Amino acid sequence: MWPNPRIPYQLARDRKRLEPLDGKPIMVHLAMNIEYWPFDRPMPRGIIPAPHGAQPQPPDVPNYSWVEYGMRCGMSRMMDMLEQRNVRASAFLNAQVADVYPSLVDAVVKADWELVGHGWFQQSLKQVDDEVEVIRKSLDRLQQASGKKTRAWLGAGLGESYDTPDHLKHQQVEFLHDWTLDDLPNWMRTKHGPMVALPYTFELNDVPVYAIQHSSSDEILKRLEATLSVFEREAETQTRILTFGLHPHIIGVPHIAYYFEKALDILVNRSDTVFVTSSQMGDWFIDADGTNGSELLPFNDAAPT
């Protein structure tokens, strides 16, 4: 039997109360995945299959264009929407975007979005030859783009090897979004000491909602309303983090953006919500929890043999 080697199990109802940030018990995190899908490689995902059941081969013009629409129109639409409401997002950024779409990264930095590591291009760390080099190169390029140390990471496709958290911690990454197992952050074990596992989402994520489940345009709004109905009750006793996993080629198309804007206004206008980026969430958790992960066993003692 292989228990979770990184994050000890605990019932959510048994966790100690974490005092809410600024007295607002529902923390909202907008995670915008800004990715580079190379023209000369198979597309990681597609909106349309090749004719006659053929396997798409590069150049895959329709699916490449689907994604680049997001980088052109979707990002413009989303950035305008958030700027009008004075809301910041986390940019989960393939670092090569800074070279391929430099004006976009300049605009993201100017908007004061937090840059979060998301690999070099849209390729899982499970598929690379040298994981440490990809992590290091990605972090260096993001710091060059923003002038700030990159503190958080989400793997492309949430892909990890058995050693990824250890490599990230060794490179001084403090927060990791890959482990989507709780509504709150958790301390996680690494070979180099504790780090913080931050929430992400599959349920309010436009890829599962629209590209996989093929839901109606208003699904993101309906799911938010249902989620808030549960969270507002639970938030009476414990903080809740509400994350949107967003991709500009999906959330940024007009018929979906229309409903996302309505969802955003619901959240902006509530008295119990506060918008955060990755590191704001992580810093809040470290302060509210107060243990610095001291209750974790060392990783080698916790890992299965």
- Please find, within segment 1-42, the residue that is surrounded by the fewest Cβ atoms within 10 Å (Cβ to Cβ) out of those that are under 15 Å from GLN280 (Cα atoms), under 21 Å from the mean Cα position of the chain (by Cα) and of a type in the set (A, V, I, L, M, F, W, C). LEU21
- Output the residues belonging to segment 229-264 that are small (Gly, Ala, Ser) and closer than 23 Å to GLN280 by Cα. ALA235, GLY245, ALA263
- Item | Options PHE175, PHE202: the member that is buried (at least 22 other Cβ atoms within 10 Å of the Cβ), farther than 19 Å from PRO3 by Cα and of a type in the set (Phe, Trp, Tyr) | PHE175
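Answer yes if at least one residue in segment 94-112 is closer than 20 Å to GLU174 by Cα, of a type in the set (Val, Ile, Thr) and touching a helix residue (DSSP H, G or I) at 6+ places or on another chain (Cβ under 7 Å), and no otherwise.
no
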- Message: So, in segment 119-165, exactly how many residues are surrounded by fewer than 17 Cβ atoms within 10 Å (Cβ to Cβ), on the phi < 0 side of the Ramachandran plot and not in a loop (DSSP other than H, G, I, E, B)?
- Response: 9
- Message: Any residue in segment 120-143 that is within 14 Å of GLU160 (Cα to Cα) sitting within a Cβ distance under 9 Å of a residue that is surrounded by fewer than 17 Cβ atoms within 10 Å (Cβ to Cβ) and hydrophobic (A, V, I, L, M, F, W, C)? List the pairs, counting only those 6 or more apart or interchain.
- Response: SER124/LEU158
- When segment 107-118 is examined, which residues are found to be touching a residue at least 60 places away in the same chain (Cβ under 8 Å) and either touching a Phe, Trp or Tyr at 6+ places or on another chain (Cβ under 9 Å) or assigned to a helix (DSSP H, G or I) (or both)? VAL108, VAL116, HIS118
- Message: If the requirement is being over 30 Å from PHE299 (Cβ atoms), part of a helix (DSSP H, G or I), over 23 Å from the mean Cα position of the chain (by Cα) and of a type outside the set (Gly, Ala, Ser), which of these qualifies: PRO62, PRO49?
- Response: PRO62
- Message: I'm trying to understand the selection: among the residues of segment 177-209, which are in a helix (DSSP H, G or I) and either over 22 Å from ASN33 (Cβ atoms) or in contact with a Phe, Trp or Tyr (Cβ under 6 Å, 6 or more places away or on another chain) (or both)?
- Response: PRO208
- Task: Kindly indicate the residue of segment 158-176 that is within 20 Å of ALA91 (Cα to Cα) and touching a Phe, Trp or Tyr at 6+ places or on another chain (Cβ under 8 Å) and also modelled with the lowest pLDDT among those meeting that condition.
- Result: LEU158
- Output the number of the condition that THR227 fails; it satisfies all remaining conditions of (1) more than 23 Å from SER278 (Cβ to Cβ); (2) surrounded by fewer than 20 Cβ atoms within 10 Å (Cβ to Cβ). (1)
- Checked segment 144-157 for anything at pLDDT below 95 and either hydroxyl-bearing (Ser, Thr, Tyr) or in contact with an Asp or Glu (Cβ under 8 Å, 6 or more places away or on another chain) (or both); matches are ALA156
- Query: Tell me, which residue of segment 245-300 that is of a type in the set (Gly, Ala, Ser) and outside any loop (DSSP other than H, G, I, E, B) is nearest to GLY157 (Cα to Cα)?
  - Reply: GLY245
- Item | Looking only at segment 245-293, and only at residues there that are touching a residue at least 40 places away in the same chain (Cβ under 8 Å) and on the phi > 0 side of the Ramachandran plot, the one that is surrounded by the fewest Cβ atoms within 10 Å (Cβ to Cβ) | ASN292
- Task: With the condition kept exactly as written, say whether any residue in segment 181-198 is of a type outside the set (A, V, I, L, M, F, W, C), surrounded by fewer than 21 Cβ atoms within 10 Å (Cβ to Cβ) and without any contact (Cβ under 8 Å) to a residue 24 or more places away in the chain.
- Result: no
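The values are calculated or read from the model by the stated rules, or taken from the named source; none is laboratory data. Note that the structure is predicted; figures quoted are calculated from it, not measured. Glycine also receives a Cβ, built like all others from the backbone with ideal geometry; neighbour counts cover every protein chain displayed.
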